[in-house]
1. Can you list the DSSP H helices in the chain whose Cα atoms extend at least 27 Å along the helix axis and whose mean Kyte-Doolittle hydropathy is 1.6 or higher?
2. For the chain, calculate the relative contact order in percent as a whole number, restricting contacts to Cα pairs under 8 Å that are 6 or more residues apart.
3. Measure off 7 Å from each Cα along the Cα-to-Cβ vector at ILE111 and VAL75, then give the distance between these two points in nanometres to one decimal.
4. Say R0 is 30 Å: what FRET efficiency, to the nearest 0.05, do LYS20 and ILE89 get from their beta-carbon distance?
5. To the nearest 0.05, how large is the calculated FRET efficiency for ASP39 and VAL65 if R₀ is 41 Å and r is the Cβ-Cβ distance?
6. Explain nothing, just the number: dipole magnitude of the chain about its Cα centre with +1 on each Lys and Arg Cβ and -1 on each Asp and Glu Cβ, in debye rounded to the nearest 20.
7. Using only the alpha carbons of the chain, what is the convex hull's orientation-averaged projected area in square nanometres?
Amino acid sequence: MTKRRWRRLSTAVTSDDVEKNKGMAIAACFIFFLPLLTDAKHSPFAMHWANQSLLRVFVHIAAGVLMMIPVLGWVLGPLLQVFGFVLFIMSVLWAARGQVKPLPIIGKYTILKPS
């Protein structure tokens, strides 16, 4: 299912779209809602990375909630934070290269779509 959707998304993204919105996609990796405030909300490329960033925010929120649980959360919460940081590095690198890839584990979910 994930590979099928990835192919569909990558065919919708054109090389012109990537070149025009690469900077916005990188910015979306840092602040997920930034493309929603600009014309990049119509770009499948920028919105893909905004969606991936929103999913990363959910990972960090889950890690914070998990860390409230004594002992188990103190061990698993920081591991989830490290996982979220690794996803952040991957998303910035892939957006800078102009690649449209879903992030591992969380990338198969779509919340934000281009308008």
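1. Long hydrophobic helices here: 72-97.
2. This gives 31 percent for the chain.
3. For the pair ILE111/VAL75, the computed spacing is 2.9 nm.
4. That pair, LYS20 with ILE89, gives E of 0.80.
5. Once rounded, the FRET efficiency stands at 0.70.
6. Here the chain has a charge dipole of around 460 debye.
7. Average projection, Cα convex hull of the chain: 7.0 nm².
Every number here is computed from the coordinates shown, using simple stated rules; none is lab data. Only a predicted model underlies this, so the values are computations on that prediction, with no experimental measurement involved. Every residue, glycine among them, receives a Cβ derived from its backbone with ideal geometry; neighbour counts consider all protein chains shown.
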